[in-house]
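Novice: My questions all concern the structure below.
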Amino acid sequence: MSRIGRMPIDVPAGVTVTIGENNVVTVKGPKGTLTKQFPASIAIKQEGAVINCTRPNDAKENRANHGMVRSILNGMVVGVTSGFQKELIVNGIGYRVAKEGKQLVMTVGYSHPVKIDEVDGITIECPDPNKILVKGCDKQMVGQMAAKIREVRPPEPYKGKGIKYADEVIRRKEGKTGAKKK
């Protein structure tokens with residue numbers, strides 16, 4: 001039995017979970033509403049303030065989906081209660097970011113500023129000129145938006161310039177050494 005899949009999901013007060021036809025689950029909470037369809041082979045049952053996921057047998061596909069369904073459901077419940085956040089840091093001389101309306105404007109060494117629009121359900125904040133906060137209730141969308149921002153100028157290994165996650169460690173390389181002339 002899956003160790004992750006058999007763990008119950010506690011539903012906090014203020015969150016409503018609706019399980020509909022074809023395993024379509026809707027989770028509503030103070031931060032928003034999330035809806036997702038899960039594989040029909042995994043049974044999702046709500047008993048009071050607890051959600052349990054069960055699989056019918058130990059077929060390979062069912063074993064693979066069991067833990068995944070439970071993890072995604074738990075992420076949905078956490079997302080609508082406390083939300084998710086990714087922090088990015090901008091390193092480099094002259095590199096800076098700013099928020100203009102619903103756009104993130106980045107000056108990161110190109111001949112032009114790079115602009116990225118906010119997506120519905122995701123908020124982007126710039127508390128400092130070198131810090132970006134991506135917040136939202138959908139874990140996958142927060143991670144995707146953070147990856148899209150990082151992709152504009154990934155960190156390079158020689159000077160560490162670029163956009164990196166706050167908890168990311170850049171493996172630094174040694175630069176060129178002077179060649180000796182004869």
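Novice: Which residues, counting only those in segment 26-50, are assigned to a loop (DSSP other than H, G, I, E, B) and touching a residue at least 24 places away in the same chain (Cβ under 8 Å)?
Specialist: P30, K31, F38, P39, S41, I42, A49 - these are the residues of segment 26-50 that are assigned to a loop (DSSP other than H, G, I, E, B) and touching a residue at least 24 places away in the same chain (Cβ under 8 Å).
Novice: Further question: Would it be correct to say that V25 is of a type in the set (V, I, T), in contact with a Lys or Arg (Cβ under 7 Å, 6 or more places away or on another chain) and either surrounded by 18 or more Cβ atoms within 10 Å (Cβ to Cβ) or in the same structural domain as E156 (by TED's automatic domain parsing) (or both)?
Specialist: It is true that V25 is of a type in the set (V, I, T), in contact with a Lys or Arg (Cβ under 7 Å, 6 or more places away or on another chain) and either surrounded by 18 or more Cβ atoms within 10 Å (Cβ to Cβ) or in the same structural domain as E156 (by TED's automatic domain parsing) (or both).
Novice: Also, I was wondering about something else. Would you call I124 buried (at least 17 other Cβ atoms within 10 Å of the Cβ), closer than 30 Å to M68 by Cα, touching a residue at least 40 places away in the same chain (Cβ under 8 Å) and over 12 Å from the mean Cα position of the chain (by Cα)?
Specialist: For I124, the condition - buried (at least 17 other Cβ atoms within 10 Å of the Cβ), closer than 30 Å to M68 by Cα, touching a residue at least 40 places away in the same chain (Cβ under 8 Å) and over 12 Å from the mean Cα position of the chain (by Cα) - is not met.
Novice: On the basis of being buried (at least 17 other Cβ atoms within 10 Å of the Cβ) and either among the aliphatic types (A, V, I, L, M) or touching a residue at least 40 places away in the same chain (Cβ under 8 Å) (or both), does K139 make the cut?
Specialist: Yes: the conditions hold for K139.
Novice: Another one. Specify which of the listed residues (V169, V119, V152) is at pLDDT 95 or above and either surrounded by 13 or more Cβ atoms within 10 Å (Cβ to Cβ) or among the hydrophobic types (A, V, I, L, M, F, W, C) (or both).
Specialist: V152
Novice: Let me ask something additional. Which one is farthest from the chain's Cα centre (by Cα) among residues in segment 90-117 that are closer than 30 Å to G29 by Cα and of a type outside the set (D, E)?
Specialist: If we take residues in segment 90-117 being closer than 30 Å to G29 by Cα and of a type outside the set (D, E), then G101 is farthest from the chain's Cα centre (by Cα).
Novice: Is there a residue in segment 7-18 that is touching a helix residue (DSSP H, G or I) at 6+ places or on another chain (Cβ under 7 Å), of a type outside the set (V, I, T) and surrounded by fewer than 19 Cβ atoms within 10 Å (Cβ to Cβ)?
Specialist: Within segment 7-18 (the criterion being touching a helix residue (DSSP H, G or I) at 6+ places or on another chain (Cβ under 7 Å), of a type outside the set (V, I, T) and surrounded by fewer than 19 Cβ atoms within 10 Å (Cβ to Cβ)), the answer is yes, since at least one residue qualifies.
Novice: Tell me whether segment 80-97 contains one or more residues that are over 30 Å from G162 (Cα atoms), aliphatic (A, V, I, L, M) and in contact with a Lys or Arg (Cβ under 9 Å, 6 or more places away or on another chain).
Specialist: Among the residues of segment 80-97, at least one is over 30 Å from G162 (Cα atoms), aliphatic (A, V, I, L, M) and in contact with a Lys or Arg (Cβ under 9 Å, 6 or more places away or on another chain), which makes the answer yes.
Novice: Another question about this same structure. Check L34, L73, L104 and return the single one that is buried (at least 17 other Cβ atoms within 10 Å of the Cβ) and in the same structural domain as G136 (by TED's automatic domain parsing).
Specialist: L104
Novice: Scan segment 1-45 residue by residue and report those that are of a type in the set (S, T, Y) and farther than 12 Å from R70 by Cα.
Specialist: Residues satisfying the conditions are T16, T18, T26, T33, T35, S41.
Novice: Among the numbered criteria (1) closer than 18 Å to Q140 by Cβ; (2) in contact with a Phe, Trp or Tyr (Cβ under 9 Å, 6 or more places away or on another chain), which single criterion is violated by I44?
Specialist: Tallying (1) closer than 18 Å to Q140 by Cβ; (2) in contact with a Phe, Trp or Tyr (Cβ under 9 Å, 6 or more places away or on another chain), I44 fails exactly one: (1).
Novice: Can you spot a residue in segment 121-132 that is more than 13 Å from K99 (Cβ to Cβ) and charged (D, E, K, R)?
Specialist: No, the conditions are met nowhere in segment 121-132.
Novice: OK, next. Looking only at segment 1-25, which residues are in a strand (DSSP E or B) and β-branched (V, I, T)?
Specialist: Residues satisfying the conditions are I9, T16, V17, T18, I19, V24, V25.
Novice: Then there is this: Quick one: would you say A64 is assigned to a helix (DSSP H, G or I), more than 18 Å from the chain's Cα centre (by Cα), surrounded by fewer than 17 Cβ atoms within 10 Å (Cβ to Cβ) and among the small types (G, A, S)?
Specialist: yes
The values are calculated or read from the model by the stated rules, or taken from the named source; none is laboratory data. Computed from a predicted model, the values in this text were never measured in an experiment. When we count neighbours, we look across all protein chains shown, and the Cβ atoms used for this are built from the backbone with ideal geometry, even at glycine.
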